[in-house]
Amino acid sequence: MLIVMIMVQEIILFLLSTFIMAGILWLAMKITRVKGKFIALVIIGAVTYLLSLIPGVGDPLSFGVMIMLTYKLTSANLFPDTVLLVVVVFGLNFLFSFLLMGIIYSILGIF
């Protein structure tokens, strides 16, 4: 039963993290007037979340891949637009991850 709860938690975190990251990217792109499609932002969010799950090298790897994908899939300049977008998105996603884990743990009764 605990394994099923952990799997459900990971699936929920993946979906929420992907769409939150895509939403934050979309909002930041609207503010900076960078053009890009929302489906591309969802792909960026999904790929970077999956890469961040690799132990040890996942976070730096996902950071670099997110910079590359954002640069390739949008009209943003590499510096400062893409780098600043990625730094802000990673910071806000970090905060939202803790918030979501707390909500999910409280719903499942783990805490």
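Among the residues of region 27-44, write down those that are under 15 Å from Asn93 (Cα atoms) and either crowded, with 18+ Cβ neighbours inside 10 Å or of a type in the set (Asp, Glu) (or both).
Result: Ala28, Leu41, Ile44.
For region 64-105, which positions are small (Gly, Ala, Ser), surrounded by fewer than 16 Cβ atoms within 10 Å (Cβ to Cβ) and modelled with pLDDT under 90?
Ser75, Gly91, Gly102
Of Val42, Val34, which residue is part of a helix (DSSP H, G or I) and hydrophobic (A, V, I, L, M, F, W, C)?
On inspection, the qualifying residue turns out to be Val42.
Identify the single condition in (1) part of a helix (DSSP H, G or I); (2) in contact (Cβ under 8 Å) with a residue 12 or more places away in the chain; (3) crowded, with 17+ Cβ neighbours inside 10 Å that Val47 does not satisfy, given that it satisfies every other one.
(3)
If you check every pair at least six apart or on different chains, which have Cβ atoms under 6 Å apart with a residue in region 85-101 that is farther than 17 Å from Leu27 by Cα first and a residue that is surrounded by 16 or more Cβ atoms within 10 Å (Cβ to Cβ) second?
Matching pairs, first to second residue: Leu100/Leu16.
List every residue pair whose Cβ atoms sit under 9 Å apart, with the two residues 6 or more apart in sequence or on different chains, where the first one lies in region 1-19 and is free of Cβ contacts under 8 Å to residues at least 40 places away in the same chain and the second, anywhere, is part of a helix (DSSP H, G or I) and of a type in the set (Ser, Thr, Tyr).
Phe14/Tyr49; Thr18/Thr48; Thr18/Tyr49
The values are calculated or read from the model by the stated rules, or taken from the named source; none is laboratory data. All figures in this text were calculated on a predicted structure; none of them were measured in a lab. Methodologically, a virtual Cβ is constructed for each residue, glycine included, from the backbone with ideal geometry; neighbour enumeration extends over all protein chains shown.
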